Amino acid sequence: MTQDLPDWPLFGLADDQRPALRKMREAGEPAVLATIAGLSGGGPRPVGAQMVFGRDFVSGFLSGGCVEGDVALHAAACLEDGAPRRLVYGEGSPWPDIRLLCGARIEIEVERIAPDDPAIGALLAAMDERRPASWTTAAGLTLNYDPAWRMVVLGADPTALATATLAAQSGFETTLVRPRGPLACPLAGVAYRRDEPATALAALDAWTAVAICGHDIDLDHAALLAALPSPAPYVGLLGARRRLAERLDRLRAADVSDRDLARLRAPIGLDLGGKAPWEIAVAVVGEVVALKHKGGQVGREAAYLSPVSAGG
């Protein structure tokens, strides 16, 4: 049996369910949290992936469409009686008519969450303060949460606009920086700052990527001086490889250490071969996503010795 969900699963575009939990708290009504607690044989989503079912909203996805409708039924029952459930799909499932095309076995915990649950409050407070946090489900599964990833894009040309747009669409909290630029930014879902790089990049942390696409030597230099010594795990520079040596020399003259210079990814982005704005944007966002999931390693021994890429 299945539960009707919207024809287009836009709810599944949300990977981080903390905003949905915040929505629950603001509404003052309970919701149901479904978490993948066990997985074998593959599957499109990892252990820890979640969905939130509120009385009038749903967020997240667990299987790409194989089980979400049935989970929604159990979530509705859980919302009413408050009893947690452990659902099994695939091998050993009591519902053999619900087949997983990937051949996986998925175990899902379903539990009701109260809007005033102090553990959820602490989780959201850590999110607001950009601190790592953990939360333990009713069945004892402990999940770790990093602060939401951000991307700061400096520049105003089409490549900068494409990169900021794609970053926002990819789930990054995105800010476009254009010092002394126009009063308004035309990009939906993108924050905008008009101040100088030293100010705009003063509060970078270990979950913020920086893409410098300024096409202005002095502006780019100021941005690099602010970003390279910071905790930012990704600092990329758009520009021709033939100009890179003089940029590095100028940074060394400004007392930027070789260790910090080695973090610079220049030319920016994965080596996809394209040079159009959207192609470079894909290369940049793809490189940041790879770094995010590989703990900082994207196959480069030293960033400033990288091969010619989309930004070259």
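The values are calculated or read from the model by the stated rules, or taken from the named source; none is laboratory data. Nothing here was measured: the structure is a model prediction, and the numbers come from that model. Neighbour counts run over all protein chains shown; Cβ positions are idealised from the backbone, glycine included. Surface areas here come from the heavy atoms of the whole protein model, side chains and all, with no ligands, DNA or RNA. Shrake-Rupley method; radii C 1.70, N 1.55, O 1.52, S 1.80 Å.
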Using DSSP to define loop residues, name the GluC sites (Glu not before Pro) in the range 99-144 whose beta-carbon has at most 11 other beta-carbon atoms within 10 Å.
Glu129
Just to confirm, what accessible area per residue do you get for the range 87-196 at 1.4 Å probe, in whole Å²?
49
Can you tell me the FRET efficiency between Glu91 and Val47 if r is taken as the Cβ-Cβ distance and R0 is 25 Å, rounded to the nearest 0.05?
0.95
Given Cβ charges of +1 for Lys and Arg and -1 for Asp and Glu, the option among Val285, Ala76, Leu238 whose Cα lies farthest towards the positive end of the dipole of the chain is Leu238
Probe of 1.4 angstrom, ligands and nucleic acids ignored: what's the accessible area per residue over the range 233-292, in square angstrom?
48
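Okay, helix-only estimate at 222 nm for the chain: each DSSP H run of n ≥ 4 adds -39500 (n - 2.57), divide by all residues, round to 500 deg cm²/dmol; what do you get?
Numbers: 9 runs with 94 residues, N = 312.
After summing the helix terms and dividing by the residues of the chain, the value is -9000 deg cm²/dmol.
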Within straight-line cross-link reach of Lys23, aspartates and glutamates at Cα separation under 16 Å, skipping those fewer than 8 residues along the same chain
Asp15, Asp56, Asp116, Asp117, Asp128
Using a Gaussian network model on the chain with a 10 Å cutoff between Cα atoms, which of Ala209, Ala184, Ala222 fluctuates the most?
Ala184
Please report the relative contact order for the chain, taking Cα pairs under 8 Å with a sequence separation of at least 6, and give it as a percent rounded to a whole number.
12
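Provide the gained length on full extension for the span Leu5 to Leu101, in nm with one decimal, where the gain is 0.36 nm per separating residue minus the Cα-Cα distance. List each step's numbers first, then the result.
Numbers: separation 96, 0.36 × 96 = 34.56 nm, distance 1.94 nm.
Length difference between fully extended and current span is 32.6 nm.
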Over the chain, what percent of the accessible surface lies on carbon and sulfur atoms, probe 1.4 Å?
53
Along each principal axis of its Cα atoms, how long is the range 71-176 end to end? Whole angstroms, biggest number first, please.
56, 38, 23
Anyone know which of Leu219, Leu251, Leu183 comes out most mobile in the 10 Å Cα GNM of the chain?
Leu183
Positive dipole terminus of the range 174-224, leading residue within Ala191, Ala206, Val177 (C-beta point charges)
Ala191
Using a Cα-Cα cut-off of under 30 Å, which lysines could be cross-linked to Lys275, ignoring same-chain neighbours fewer than 8 residues away?
Lys292, Lys294
Counting Lys and Arg as +1 and Asp and Glu as -1, each charge on the Cβ, what is the dipole of the chain about the Cα centre in debye, to the nearest 20?
920
Subtracting the Cα-Cα distance of Arg250 and Leu183 from 0.36 nm times their residue separation yields 20.9 nm
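Explain nothing, just the number: dipole magnitude of the range 193-236 about its Cα centre with +1 on each Lys and Arg Cβ and -1 on each Asp and Glu Cβ, in debye rounded to the nearest 20.
On the way: 2 positive and 6 negative charges, 28 e Å.
It comes to approximately 140 debye.
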